[in-house]
Amino acid sequence: MPAKRITVSIILILVILLHSSVFASPPAYQAKNIKVTCDRWPDCSSLDAFGRDAVRLAGVVTNEEKAVAVWRFIQHCTVAGGAPKEPAEGIPYVLSPLKILNVHGVHWCDGLSRIMTMTWRDLGYRGEKLYKFGHTLADCWWEDEDGVDRWHVFDVSQHWFVYD
């Protein structure tokens, strides 16, 4: 009889120990800063990654093809019209191109041109916003196939571009 009591006591002690360790605080190791991407869609976590993925997904080589690929992927990821507000920062509309790409997906010509010029700069080229007649365009600079450096105008919101 005492052996049976000792066995039951040992089992109860083991159950209590196991129960307390299972429900103890979570382990110290936890996954952090995980980024999941798709190999068939641009990574919008940074403008550099977005630009490189646009070039890779389009399978292009020349400077002109790279600029057109970036321009097209901006149009795939956004729509023109209505600038979202940024009341927490005390400004009338969103300025961050990453917020436009990842959160809102919509902006006027100014915000969409900002995405184009800043992505183009992150790819190592020269890019400027061009404001004409109340409308903002993206002006991108690169060396053409004939060896001449030129400006090239992209209208991201109205879906057109010119070569020089």
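The values are calculated or read from the model by the stated rules, or taken from the named source; none is laboratory data. Not measured: the values here are computed from a predicted model. Neighbour counts run over all protein chains shown; Cβ positions are idealised from the backbone, glycine included. Areas reflect the complete protein model, heavy atoms only, side chains present, ligands, DNA and RNA absent. Shrake-Rupley method; radii C 1.70, N 1.55, O 1.52, S 1.80 Å.
Couplings for segment 139-148, taken from phi via the Karplus curve 6.51 cos²θ - 1.76 cosθ + 1.60 with θ = phi - 60°, read 10, 10, 10, 7, 7, 6, 4, 7, x, 9 Hz in order; Gly and Pro are left as x.
Counting protein heavy atoms only, segment 95-164 has 55 percent of its accessible area on carbon and sulfur, 1.4 angstrom probe.
Farthest toward the positive end of the dipole of the chain, out of Val70, Leu47, Thr136, is the Cα of Leu47, where the dipole comes from beta carbon charges about the Cα centre.
Karplus-based coupling profile of segment 149-156, in residue order and whole Hz: 7, 9, 7, 9, 9, 10, 9, 6, with θ = phi - 60° in 6.51 cos²θ - 1.76 cosθ + 1.60 and x standing for Gly or Pro.
Taken one residue at a time, the phi angles of segment 96-105 give Karplus couplings (6.51, -1.76, 1.60, θ = phi - 60°) of 6, x, 5, 5, 5, 5, 9, 10, 8, x Hz. Gly and Pro are set to x. Cα centroid separation, segment 27-73 to segment 80-142: 18 Å.
A Förster distance of 35 Å, applied to the separation of the beta-carbon atoms of Tyr29 and Trp108, puts the FRET efficiency at 0.15.
With only the Cα atoms considered, the chain has a convex hull volume of 187 Å³ per residue.
Once each of the trypsin sites (Lys or Arg not before Pro) sitting in a DSSP loop with at most 16 other beta-carbon atoms within 10 Å is removed, the chain keeps 86-164 as its longest stretch. Seen from Pro92, the other residues with C-beta closer than 12 Å to its C-beta sum to a net charge of -2, counting Lys and Arg as +1 and Asp and Glu as -1. Surface calculation, 1.4 Å probe, protein heavy atoms: Val60 sits at approximately 30 Å² accessible.
Within the shell of other residues whose beta carbon sits under 15 angstrom from the beta carbon of Val103, the net charge comes to +1, with Lys and Arg scored +1 and Asp and Glu -1. To the nearest ten degrees, helix 109-122 and the longest principal axis of the Cα atoms of the chain are 80 degrees apart.
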